[in-house]
Ligand SMILES: [Fe+2]
Ligand SMILES: [Fe+2]
């Protein structure tokens, strides 16, 4: 399925997933290098978590939450498939904040426990990937089957005003620049 087959909001969420996947793969490369003792680019890790915190957790997941809630309201048979997704968003958001704090502390006070931090980040990335995989393979196709044109038009209206009034073009450009730095 190509982006043009998706309604605009879903195409954007799908595009976000591609960006997150590239960031995750850059992080995995970086962690491997750190484990092998080849480099210690903790700034790249900190930048990635800044991206996750500011975009994935504050914009992407809330947008999905609105769609999932709406879908549950208009289609009871979709409820089981959507089970637990908002809780996963909350769990990911909590872990992002905790890991970002630990990464920021490295620059302030040095690192307390390098190996446990690396393992924690790896666990976080595994969770993010499993979550996106579920959305891409099960949830987004189910949304496409369940919601029609009028539903997507309604969601586009409510999403814009409800979730990201502060995430304007300037913010988007700043995070695009951060993304380019991370994947370089
Ligand atoms: Fe999600
Ligand atoms: Fe997502």
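Quick note: the coordinates plus some simple rules give every number you see, no bench work behind them. Keep in mind it's a predicted model, so treat the numbers as computed, not measured. Cβ: placed from backbone, ideal geometry, glycine included. Neighbour counts: every protein chain shown.
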Taking Cα atoms, the helix 85-109 axis meets the longest principal axis of the chain at an angle in degrees (rounded to 10) of 20
The exposure ranking of 155, 45, 143, 87, fewest beta-carbon neighbours within 10 Å first, is 87, 155, 45, 143
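Per DSSP H run of n ≥ 4, the term is -39500 (n - 2.57); total these for the chain, divide by its residue number, and report the mean residue ellipticity at 222 nm rounded to 500 deg cm²/dmol. Working shown, then result.
Working: 9 runs with 139 residues, N = 184.
Counting only the DSSP helices, I get -25000 deg cm²/dmol.
Quick check of the Kirkwood formula: for the range 3-183, what is the inverse mean of 1/r over all pairs of different Cα atoms, in Å?
17.5
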For the range 1-100, the Cα-Cα pair-distance distribution in 10 Å bins from 0, as whole percents, is 14, 36, 32, 14, 4, 0
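So how do 184, 138 line up by other beta-carbon neighbours within 10 Å, fewest first? List each step's numbers first, then the result.
Values: 184 7, 138 12.
The most exposed by this proxy come first: 184, 138.
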Taking alpha-carbon centroids only, the range 66-114 lies from the range 142-158 a number of Å equal to 24
For the chain, the longest principal axis of the Cα atoms and the Cα long axis of helix 8-36 enclose an angle in degrees, to the nearest 10, of 20
Tilt, helix 42-51 to longest principal axis of the chain (alpha-carbon atoms), in degrees rounded to tens, equals 20
